[in-house]
1. Per the helix-only calculation at 222 nm, which mean residue ellipticity applies to the chain, given -39500 (n - 2.57) for every DSSP H run of n ≥ 4 and division by its residues, nearest 500 deg cm²/dmol?
2. Can you pull the one-decimal nm distance between simple spin-label points at Leu175 and Thr254, each 7 Å off the Cα toward Cβ?
3. Order by neighbour count: Trp64, Trp252, fewest other Cβ atoms within 10 Å first, most last.
4. For each of Ser155, Ser24, count neighbouring Cβ atoms within 10 Å of the residue's Cβ, then give the residues from fewest to most.
5. Give me Val84, Val169 ranked fewest to most by other Cβ atoms within 10 Å of their Cβ, as a rough exposure proxy.
6. Give me, ordered by chain and number, the residues 5 or more places off Asn70 or on other chains with an amide H under 5 Å from its own placed amide H.
7. Can you work out the Karplus-derived ³J(HN,Hα) for every residue in the range 81-88? Use 6.51 cos²θ - 1.76 cosθ + 1.60 with θ = phi - 60°, whole Hz, and x for glycine or proline.
8. Select from the range 24-105 those trypsin sites (Lys or Arg not before Pro) which occupy a DSSP coil region and have at most 11 other Cβ atoms within 10 Å, ordered by residue number.
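Each value in this text was obtained by applying a stated rule to the coordinates, not by laboratory testing. Computed from a predicted structure; not experimentally measured. Cβ sites come from the backbone with ideal geometry, for glycine too, and all protein chains shown count toward neighbours.
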Amino acid sequence: MAAPAYPMWFWIAMATILGACFGSFSNVLVYRLPRNLSVVGPRSFCPGCKNQVSWYDNIPLLSWIILRGNCRHCGTGISPRYLVLEVAGAGCALGAFARFGVTIEGVSAALYLILLLDIAIIDWQHMIIPHTLTICGMVLGLAFSFFTPVGQVDSFLGLALGAGIILAVSYGYKLLRGVVGMGGGDVMLMAMVGAFQGLWAVPAVLFGGAVMGTIYAVTVGRGKVSGETKLPFGTFLCAAALLVLLAGDWIWTTYLTLF
Ligand SMILES: [Zn+2]
């Protein structure tokens, strides 16, 4: 579907605004989902003075900058992570449109990237991958596949393979080591990855996630990570999925030219 004849600045502005709004909602998700709090209510309030945050103080990007990161009523500092996630949300939307154009594929990629971002943050902080996000992702991935080059067959097979591989690895690991290596969250995450990106992305994302997790374990995590330490594997899978989505074709062709 070709984009209607609006000027490019219009699409850039739309992607920035909508992406920042999703980033703003992501702030709610990454705080409340792992704490089993409702994501629809109550409205956000200041932890300092308990005043509700008014709509005009809750405008993505602008409010935090205008208030310079302080509560309007009591001046309590508001974490910069709110602004960071709003900027990141806008970045996801702009990146998706830059890669796939103003198309349904671009919209699908934007939502997918924001989901990956939220899951990566939550898994990193809490070692949890909320099923709410991954189930939403699977449904969205399957639905979008009817309108994108991924196609519904590839999407469905990707979902099945993504879940199947992690289940098999997890089961095999349990037989070998007697402990569960990967959780149900990883199963659901890879099913979502397969639904959005199709069958062939599943092994690429798994490989990329394993490489990044290993690099982290032997560098940053050195001394802190032992054989028994759990790594937030989902975070590395999300990073790999982002890489495969935006640069997979390029990496693959570059790799082939090496031979
Ligand atoms: Zn306050």
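1. The helix contribution divided over the chain gives -22500 deg cm²/dmol.
2. 3.8 nm
3. Ascending Cβ contact count within 10 Å gives the list Trp252, Trp64.
4. Ascending Cβ contact count within 10 Å gives the list Ser24, Ser155.
5. In order of increasing Cβ crowding within 10 Å: Val84, Val169.
6. Ile78
7. 4, 4, 5, 4, 6, 5, 5, 5
8. Taking the range 24-105 and a limit of 11 other Cβ atoms within 10 Å, the loop trypsin sites (Lys or Arg not before Pro) found are Arg43, Lys50, Arg68.
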